[in-house]
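The values are calculated or read from the model by the stated rules, or taken from the named source; none is laboratory data. Being a predicted model, the structure only gives us computed values, none of them experimental. Heads up, the Cβs are rebuilt from the backbone with ideal geometry, glycines too, and the neighbour counts pull from every protein chain shown. Remember, those area values only see protein heavy atoms, side chains included, never the ligands or the DNA or RNA. Shrake-Rupley method; radii C 1.70, N 1.55, O 1.52, S 1.80 Å.
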Amino acid sequence: AADAGNAAAEADALADEISALEAQITKKGAEIKTLKKSKVAAETLKPHVDELGELRARLAELQKSQSPADDNFDQQAFNDVIIERMFIIPSFEIHGGVKGLFDLGPPCCALKANVLETWRQHFILEENMLEMECTNLTPKAVLQTSGHVEKFTDQMVKDQETGECKRADHMLEDFIDDLIEKTPNMSSEEKDELLLIQRQADAFSLDEMHALFQRFGIKGEDGHELSKPFDFNLMFETKIGPEGTSIGYLRPETAQGLFVNFKRLLNFNGKQMPFAAAQIGLGFRNEIAPRGGLLRVREFCMAEIEHFVNPNKKSHPKFESVANKTMVLFDQTTQLGTGRPLVMTMGEAVEKGTVNNETLGYFMARTQLFMEKVRTQDAASARHALPGAAPLCRMRQPSTPYPAPSGRSASIRPGCASGSICRRRWRITPRTAGTARSIRATVGSNASGTRTALATTSWCTPRPRARAWRHPSGYRSPSRSTS
């Protein structure tokens, strides 16, 4: 018994050390990202990168000394099973298929419908939200305003013979790995220089990347010449209308449709605040290398909520109903400090300022409750976005103020102020592998209100609770409402 107790104590101590080391790595990584954005000299960046490498090496050593984890989840075997049982099927399989596109089979359609109905009952009907169904096609002006046209890119190079495109930073990293491996007598100074270049591969400009490709003589397969690096936008571009003069995109997310309709939604709600709008729909991202089964695809369904509140009045009338809900919170302090998440009730989190306000706390707890409904109750934690991370909302304020709600003089606008960062941003993610990872939620607050987004699916358009019918496969699916 004593030996078992000592072993348990040693395991706990090792886990604490690993958590602390992970926190140091997170902090150092954030520092390096900030330095890269400020375009500091390579000599200034080098000691920070070296320190990060040492921390990661130490972490790898500690993780090797840990006992093997009980989780023997085999992702590939799981993918094979769900394809074999026709939950999902690679799209256009008989014509060779297209990576990142999947069709849903009969069992998955019924399963998805149940998740949608649960989401709709839990959020839309219970919270009296306003539902919309916005178009998948989005004009360029909208996505220019949100920053997607300029920033939603990766650097690419194109094989001049085959036309195949690859990410430039990945090719540079792989080339350096091969060069070091093939040159065992390389001097330490030259090796350090190459490793520094490798670590900064995603931070070079197009001209710097091209210069490095020329310096190292990087070629495509079979020695084919490569084009100069160019920015590749991950959005699907199209032309609207036969003239071809109006450019549009398949939307990469669903938020913009709700924000641009804020004024009409406010009027529809009798100019009363707060209120929430929601929509369910598809998002499209032209992923360079789709992989991981359903974890990275080019077309996916999202359910999103935008809850608008008065910036000066963020209390919530139903907060007491979730105040005693226990949450696992990974805030900025613990990420950069102990590396151990906090376990506390939502009431305590709001009281201590870990969660910014009652409205944000209410929807975080409601999101957790939904995940418990769909059987991921012991697999989720909420992580606070670190400084420097992209804001959840980058919508520009309109130049013309929207009409103020009755009884208020302040105008209410959708989205963050131009260039501002959301004050509180949380991401709720499952901690287990497999299909649970496809159920994800993000929650954040900004200058004009609170935004929540849940990356599962649901129905749009309010209607009475649907009756259910049983699918021949055994899954229950909601019927269409006749009203």
Selected residue [touching a strand residue (DSSP E or B) at 6+ places or on another chain (Cβ under 7 Å), open to solvent by less than 30 Å² (accessible area, probe 1.4 Å), part of a helix (DSSP H, G or I) and aliphatic (A, V, I, L, M)] from M209, M171: M209
Segment 237-263: number of residues that are under 30 Å from M156 (Cα atoms), under 25 Å from the mean Cα position of the chain (by Cα) and outside any helix (DSSP H, G or I): 9
Qualifying residue in segment 264-280 (condition: over 24 Å from M132 (Cα atoms), open to solvent by 20 Å² or more (accessible area, probe 1.4 Å), among the basic types (K, R) and assigned to a loop (DSSP other than H, G, I, E, B)): no
Any hit, segment 220-231, residues being out of contact with any Leu (no Cβ under 6 Å at 6 or more places or on another chain), open to solvent by 50 Å² or more (accessible area, probe 1.4 Å) and under 30 Å from C134 (Cβ atoms): yes
Matching entry among D178, D192, D202 (being assigned to a helix (DSSP H, G or I) and within 30 Å of F284 (Cβ to Cβ)): D202
Within segment 131-165, considering residues that are without any contact (Cβ under 8 Å) to a residue 12 or more places away in the chain and closer than 26 Å to D207 by Cβ, the one least open to solvent (accessible area, probe 1.4 Å): G163
Matching residues, segment 82-95, being of a type outside the set (F, W, Y) and open to solvent by less than 70 Å² (accessible area, probe 1.4 Å): I82, I83, I88, I89, P90, S91
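Table: residues versus (1) farther than 18 Å from L45 by Cα; (2) under 33 Å from the mean Cα position of the chain (by Cα); (3) modelled with pLDDT under 85.
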site: M186; (1), (2), (3): yes, no, no
site: D207; (1), (2), (3): yes, yes, no
site: Q214; (1), (2), (3): yes, no, no
site: D222; (1), (2), (3): yes, no, yes
site: S227; (1), (2), (3): yes, yes, no
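Kindly check whether there is at least one residue in segment 119-128 that is surrounded by 17 or more Cβ atoms within 10 Å (Cβ to Cβ), in contact with a strand residue (DSSP E or B) (Cβ under 9 Å, 6 or more places away or on another chain) and part of a strand (DSSP E or B).
Let us first name the residues in segment 119-128 that are surrounded by 17 or more Cβ atoms within 10 Å (Cβ to Cβ), namely 119-124.
Subset that is in contact with a strand residue (DSSP E or B) (Cβ under 9 Å, 6 or more places away or on another chain): 119-120, 123-124.
Next, only the ones that are part of a strand (DSSP E or B) stay: none.
No, segment 119-128 has no match at all.
Suppose we filter segment 298-310 for residues that are surrounded by fewer than 21 Cβ atoms within 10 Å (Cβ to Cβ), under 25 Å from the mean Cα position of the chain (by Cα) and in a loop (DSSP other than H, G, I, E, B); how many remain?
1
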Positions within segment 104-144 being under 19 Å from G257 (Cα atoms) and of a type in the set (S, T, Y), in sequence order: T135, T138
Close pairs (8 angstrom Cβ cut-off, 6 or more residues apart or separate chains): of a type in the set (D, E) and modelled with pLDDT of 75 or more in segment 13-34, in a helix (DSSP H, G or I) and open to solvent by 30 Å² or more (accessible area, probe 1.4 Å) anywhere: E31/H48
